[in-house]
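Nothing in this text is a laboratory measurement; each read-out follows from the coordinates by a stated rule. Not measured: the values here are computed from a predicted model. With ideal geometry, Cβ positions are generated from the backbone for all residues, glycine too; neighbour counts draw on all protein chains shown.
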């Protein structure tokens with residue numbers, strides 16, 4: 001355990017941020033799952049529905065630094081490729 005006052009504060013901040021990021025990452029994964037299900041069903045209006053929301057969610061995660069930019073880009077690319085193929 002940390003002994004310095006600044007290290008104790010840093011630990012508190014890390015715990016708080018880790019919990020917030022965990023919640024956001026979980027929501028993003030749920031959004032991706034819904035988008036993949038919509039693609040599997042073959043919804044004609046996927047541009048308006050879950051796929052669009054999943055792309056928005058991935059972009060937000062990259063912008064906040066929760067996901068690496070290239071990881072988010074790769075996932076968006078694969079999702080759009082699957083959506084356009086269906």
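Counting other beta carbons within 10 Å of each residue's own, what order do 52, 16 fall into, fewest first?
Listing 52, 16 from fewest to most nearby Cβ atoms yields 16, 52.
On a 0 to 90° scale, report how tilted helix 69-85 is relative to the longest principal axis of the chain, with both axes built from alpha carbons and the result rounded to the nearest 10.
Result, in degrees: 20.
Just want to confirm a number: the relative contact order over the chain, from Cα pairs under 8 angstrom separated by 6+ residues, in percent.
25 percent
Got a sec? How would 1, 80, 28 order by Cβ neighbour count within 10 Å, fewest to most?
Placing the least packed residue first, the sequence is 1, 80, 28.
Distances over 22 Å make up what percent of all Cα-Cα pairs in the chain?
Pairs farther apart than 22 Å: 39 percent.
Just 20, 53, 62 to compare: in a GNM of the chain, with alpha carbon springs under 10 Å, which one fluctuates most?
20
On a 0 to 90° scale, report how tilted helix 50-64 is relative to the longest principal axis of the chain, with both axes built from alpha carbons and the result rounded to the nearest 10.
Between helix and principal axis, roughly 30 degrees.
Treating the angle as unsigned and between 0 and 90°, give the value, to the nearest 10°, between the Cα long axis of helix 5-41 and the longest Cα principal axis of the chain.
Taking the Cα atoms of the chain, the angle to 5-41 is about 10 degrees.
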